[in-house]
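Reading through the structure tokens given below for one structure.
What follows draws every value from the coordinates through simple rules; no lab data is involved. Everything numeric here is computed off the predicted structure, so don't read it as measured data. Every residue, glycine as well, gets a Cβ built from its backbone with ideal geometry; the counts of neighbours run over all protein chains shown.
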Amino acid sequence: MKKKKQKLIIPFISLKEGLHQFDFKINETFFQQFDYSIIQHANLNIDIDFEKKQTMLKLDFKLEGSILTDCDRCGDPLNIDVSGDEKLIVKFGKEKYEDTDEIKIISENDYELDLTEIIYEFAHLLLPSKTIHESENQCNQEVIERLKELSIKEQTESIDPRWEKLSKLK
């Protein structure tokens with residue numbers, strides 16, 4: 001089955017210079033078009049302040065909503081409320097220059113800006129480094145018990161009496 005593509009495109013060629021606003025709403029359909037996305041389901045509102053200048057485009061993103069992913073501790077689904085701000089500057093020029101995190105170079109002949117992959121990356125940056133339930137009690141208790149059974153127990157090693165005096169020298 002072919003995945004339906006949800007493109008987030010701003011056709012800037014017809015816009016006058018100045019400030020414009022765009023709003024996008026994305027959900028699980030958006031994330032399903034990417035293989036191996038850690039975001040399973042989401043409801044995100046993206047507000048973009050888009051400033052068109054003669055030689056560049058300036059975009060300020062505000063992302064808000066909720067993301068469903070897996071708990072790193074127990075593996076159960078976990079819904080996280082997220083919000084964040086990102087910036088992007090788009091310059092016109094030769095395509096031999098490399099893009100950076102905040103600057104993208106596009107051809108002078110381009111007439112639209114595809115934000116699909118950029119917003120995909122921004123959504124993943126909203127996730128905390130550890131996605132776990134606030135309390136261990138909210139986790140799947142069967143998994144927690146199994147993890148406790150399998151955890152490595154500290155072993156008290158008996159020290160060889162010949163080396164015992166060396167440990168006291170610390």
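So the values come out like this:
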{"item": "P(r) weight above 27 Å for the chain, C-alpha pairs, percent", "result": "48"}
{"item": "Mean Cα-pair separation over length for the chain, i.e. relative contact order, pairs under 8 Å, 6 or more apart, %", "result": "19"}
{"item": "PHE92/ASN43 FRET efficiency (R0 35 Å; Cβ-Cβ; nearest 0.05)", "result": "0.55"}
{"item": "Theoretical gain in end-to-end length, ASN140 to LYS53 [0.36 nm per residue, Cα-Cα removed]", "result": "26.1 nm"}
{"item": "Label-point gap, in nm, between LYS16 and ASN79 - each point 7 angstrom along Cα→Cβ", "result": "4.4"}
{"item": "Segment 1-65: trypsin sites (Lys or Arg not before Pro) in DSSP coil with no more than 15 other Cβ atoms inside 10 Å", "result": "LYS2, LYS3, LYS4, LYS5, LYS7, LYS16, LYS53"}
{"item": "Rounded tilt (10° steps) of 141-150 against the dominant C-alpha axis of the chain", "result": "50"}
{"item": "Highest average packing first - 77-83, 88-94, Cβ atoms within 10 Å", "result": "88-94, 77-83"}
{"item": "Kirkwood-Stokes translational diffusion coefficient of segment 17-80, alpha-carbon pairs, 4 °C, 1.567 mPa s, µm²/s", "result": "95"}
{"item": "Förster radius 45 Å - calculated FRET efficiency between GLU149 and ASP23, Cβ distance, rounded to 0.05", "result": "0.35"}
{"item": "In segment 107-139, the chymotrypsin sites (Phe, Trp or Tyr not before Pro) that fall in loop regions by DSSP, at most 11 other Cβ within 10 Å", "result": "TYR111"}
{"item": "Sum of -39500 (n - 2.57) over DSSP H runs of 4+, divided by residues of the chain (222 nm, nearest 500)", "result": "-5000 deg cm²/dmol"}
